[in-house]
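Just so you know, all these numbers are worked out from the coordinates, no wet-lab data involved. From a predicted model like this one, the values you see are computed outputs, not experimental measurements. All Cβ positions, glycine included, derive from the backbone under ideal geometry; neighbour counts span all protein chains shown.
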Amino acid sequence: MNIDMIEAAAGRLKGHARVTPLLNSSFLDEIAGRRVFLKTEALQHTGSFKFRGGWSAVSALTDNALKAGVIAFSSGNHAQGVALAAREHGTSAVIVMPADAPQMKIDNTRALGADVVLYDRETEDRQAIGAELSEARGLTLIKPFDEPQVVAGQGTCGLEIAAQATELGVNASEVLVCCGGGGLTAGIALALEAKAPHLTTRPVEPAGFDDVTRSLVAGEIKANPSQSGSICDAIVTQQPGDLTFPIMQRLCGAGLVVPDEDCLRAMALAFSRLKIVLEPGGAIALAAALFHGDQITGEDVIAVASGGNVDAAQFQDALTKYGDTA
């Protein structure tokens, strides 16, 4: 993995992915005690940054691989990114999704033309299911984070952050990234190393599912004891990837761990002050910026809002609990 792969992915994504804005609100600055800039990947196609990696991977396939089709496993955002990229490239997609994924994500993935296969994340292994279907049908497996072309695609978000931070006069700053297996975090870290070394990438994870944070402390990959139990379904993974962890270990600062309730508070504030809809996992970096500032250094902070694919009931829950304080 290197900056050349990220820049090549940016070339293939040009004209297909949105350049998402870096937004600021004085109301949020006051809460955080510093300037907060929000990289709004919730406004990306399919409602998350995952479209970048999906398009990057699908667009890099050979003609024969494209004809055969692709397969991916995902709780929803990678699913939709790959499904749309496959449809736009005229090929088929099979998506292996946990049965407890938000219904909106399952429905949207099917609406994009993908064949959705559901599994129980507590008793079944999605990687084994994906490998079996891939071999049986001759499909190309596109992993959600431990895949070079996917990481390269996610790294294009980092290229945009570097350019936008320069335009806005953001100097030394920490870039907080919603982190599951580390594809987005590693990609952004690689891009910033090359284009904005004064910006430091830090992963942000839900309490109880802080495998990356613990792995960085231990110096080796650590797994989560459970695969469910957080509202941040988009970033609940078993452990960091074999590809992504060494990159994060080399380039990232310490991880930040945020409770679920803070994510709901951040969702309400993003809606109230920026008119942006976020899902819990997509709001966790903003939550860290707003409510865990004692663990952050610098006058400015950039938080990546990674996704906005939230069920209406869950979004209403956030507004009901915290809308009055937003």
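Based solely on its DSSP helices, what 222 nm [θ] is calculated for the chain when runs of n ≥ 4 H residues each add -39,500 (n - 2.57) and the sum is averaged over all residues, nearest 500 deg cm²/dmol? Walk me through the intermediate numbers first.
Values: 14 runs with 155 residues, N = 326.
Value at 222 nm, helices only, nearest 500: -14500 deg cm²/dmol.
With θ taken as phi - 60° and the coefficients 6.51, -1.76 and 1.60, list the Karplus ³J(HN,Hα) couplings across region 126-141 in order, rounded to whole Hz; mark glycine and proline as x.
Using θ = phi - 60°, the values come out as 5, 5, 5, 4, x, 5, 5, 5, 4, 5, 5, 10, x, 8, 8, 7 Hz.
I need the peptides 13-19, 189-195, 282-288, 254-260 ranked by packing, meaning the mean over residues of other C-beta atoms within 10 angstrom, with the highest value on top.
On the way: 13-19: 14.9, 189-195: 22.3, 282-288: 33.0, 254-260: 19.9.
Taking the mean over residues of other Cβ atoms within 10 Å, the ranking is 282-288, 189-195, 254-260, 13-19.
Based on the mean of other Cβ atoms within 10 Å per residue, sort peptides 61-68, 159-166 so the most packed one is first.
Working: 61-68: 13.0, 159-166: 20.4.
Put in order of decreasing packing, that is 159-166, 61-68.
Going by average Cβ density within 10 Å per residue, which order do the peptides 86-98, 21-33, 143-155 take, highest to lowest?
Details: 86-98: 20.4, 21-33: 16.9, 143-155: 26.4.
Those peptides, ordered most packed to least, come out 143-155, 86-98, 21-33.
T201's amide H: which non-local residues (gap 5+, or another chain) put their own amide H closer than 5 Å, with H modeled 1.01 Å from N in plane and none for Pro or chain starts?
The list, which skips near neighbours in sequence, is V175, G253.
Structure shown: which of K14/K39; K143/K195; K39/K143; K105/K143; K14/K275; K14/K105 lie over 21 Å apart, alpha-carbon to alpha-carbon? Can you show the working numbers first?
Working: K14/K39 18 Å; K143/K195 26 Å; K39/K143 24 Å; K105/K143 18 Å; K14/K275 26 Å; K14/K105 26 Å.
Among K14/K39; K143/K195; K39/K143; K105/K143; K14/K275; K14/K105, the Cα-Cα distance tops 21 Å for K143/K195; K39/K143; K14/K275; K14/K105.
Tell me, what ³J(HN,Hα) does each residue in region 31-48 have, in order and in whole Hz, if you take phi through Karplus 6.51 cos²θ - 1.76 cosθ + 1.60 with θ = phi - 60° and put x for Gly and Pro?
5, 7, x, 7, 6, 10, 10, 10, 7, 8, 5, 5, 8, 6, 3, 6, x, 6
Run the simple label-point estimate for A99 and E124 please: 7 Å along Cα→C-beta, distance reported in nm.
In this crude spin-label approximation the distance works out to 0.8 nm.
Got the relative contact order for the chain handy, in percent, Cα pairs under 8 Å and 6 or more residues apart?
Values: 752 pairs, mean separation 68.0, N = 326.
The value is 21 percent.
Please state the shape class of region 221-270: rounded when a/c is under 1.5, otherwise prolate if a/b exceeds b/c and oblate if not, all from the C-alpha gyration tensor. Spell out each step's value before the answer.
Values: a/c = 2.76, a/b = 1.54, b/c = 1.79.
Here region 221-270 falls in the oblate category.
Amide H of L141 versus every other amide H placed in the peptide plane: which residues, excluding those fewer than 5 positions away on the same chain, fall under 5 Å?
Those lying under 5 Å, H to H, from L141 are I71.
Between region 45-106 and region 255-321, what is the separation of their alpha carbon centroids in Å?
If you average the Cα positions of each part, the centres end up 25 Å apart.
Take the Cβ-Cβ distance between A8 and A313 as r, set R0 to 51 Å, and report the resulting FRET efficiency rounded to the nearest 0.05.
In this case the efficiency is close to 0.80.
Rounded to whole Hz and in sequence order, give me ³J(HN,Hα) for region 310-320 from the Karplus expression 6.51 cos²θ - 1.76 cosθ + 1.60, θ = phi - 60°, writing x for Gly and Pro.
Result, rounded to whole Hz: 10, 5, 4, 5, 5, 5, 4, 4, 4, 5, 5.
Is there a quick way to get the dipole size of the chain? I mean about its Cα centre, with the Cβ of Lys and Arg at +1 and of Asp and Glu at -1; what is the value in debye to the nearest 20? Kindly include the intermediate steps, with their values, before the conclusion.
Working: 25 positive and 38 negative charges, 161 e Å.
That gives the chain a dipole magnitude of about 780 debye.
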